[in-house]
Amino acid sequence: MATDSSQKTIFAAMGANLAIAITKFIAAFITNSSAMISEGIHSLVDTTDQLLLLLGISMSQKPADDSHPFGYGQELYFWTFIVAIFIFSIGGGMSIYQGITHLINPSPLENPIWNYIVLAIAIFFEGFSWTIALKEFLPTKGKQNFWQAVRNSKDPTVFTILFEDSAAILGLLVALIGIFLGHLFDNVYFDGK
């Protein structure tokens, strides 16, 4: 089940996401960027996801008792499932809501250099977290291909972080493109993603 490498991966991702969320919200406040607000919410959801994965690890390690004679190992899978729901429903839903709100009531992008700085920092930290997750995942993969290793894994936390960080990096790149295009063409609608 969950190992020390799982916890290392989770703590690395949690630290990165919390730092990123704070810097994104500060940049959103300074620049009035819809993409930054959306990205800040996404990073906050990711931080909460890591807390839920830690809860799953903790709950899965409880010893067997009368009501659970085979132990609580399935708790890890349950909490990983909850994390997946959070990623898509809250993270994605809030991003869509924020983007639509910005398209309906656009506001001018102020001082976008802050957004570029924060997005570059966020891509660096997400990349760092992604690298740790990948380094922890590859030894468990063995000779299996990537999808077989995910399917056969007994510890879903590491590849959950790997997928989450991959999605976060892609989201950051979309935000960067939206802000850049909005800045380049002086069009507030690009910032709404």
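The values are calculated or read from the model by the stated rules, or taken from the named source; none is laboratory data. Quick caveat: nothing in here was measured; it's all calculated off a predicted structure. No Cβ is skipped: glycine too gets one built from the backbone with ideal geometry, and neighbour counts run over all protein chains shown. All accessible areas refer to the heavy atoms of the entire protein, side chains included, with ligands and DNA or RNA removed. Shrake-Rupley method; radii C 1.70, N 1.55, O 1.52, S 1.80 Å.
Here is how the numbers come out for the structure above:
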read-out	value
Candidate set from region 65-82 (those that are part of a loop (DSSP other than H, G, I, E, B) and open to solvent by less than 60 Å² (accessible area, probe 1.4 Å)); member that is farthest from L44 (Cα to Cα)	G71
Residue list for region 1-45, filter: open to solvent by less than 30 Å² (accessible area, probe 1.4 Å), under 16 Å from A120 (Cβ atoms) and of a type in the set (V, I, T)	I20, T31
Lone qualifier among I96, I85, I100, I177 - being in contact (Cβ under 8 Å) with a residue 24 or more places away in the chain and either part of a helix (DSSP H, G or I) or touching a helix residue (DSSP H, G or I) at 6+ places or on another chain (Cβ under 7 Å) (or both)	I100
Condition check for W114: surrounded by 15 or more Cβ atoms within 10 Å (Cβ to Cβ) and either under 15 Å from the mean Cα position of the chain (by Cα) or closer than 30 Å to F185 by Cβ (or both)	yes
Some residue of region 152-160 being free of Cβ contacts under 8 Å to residues at least 40 places away in the same chain, over 21 Å from the mean Cα position of the chain (by Cα) and open to solvent by 80 Å² or more (accessible area, probe 1.4 Å)	yes
Top-ranked residue of region 106-127 - restricted to ones that are more than 17 Å from T31 (Cβ to Cβ) and in contact with an Asp or Glu (Cβ under 9 Å, 6 or more places away or on another chain), ranked as modelled with the highest pLDDT	G127
Residue in region 98-105 that is at pLDDT below 80 and within 30 Å of F78 (Cβ to Cβ) present	yes
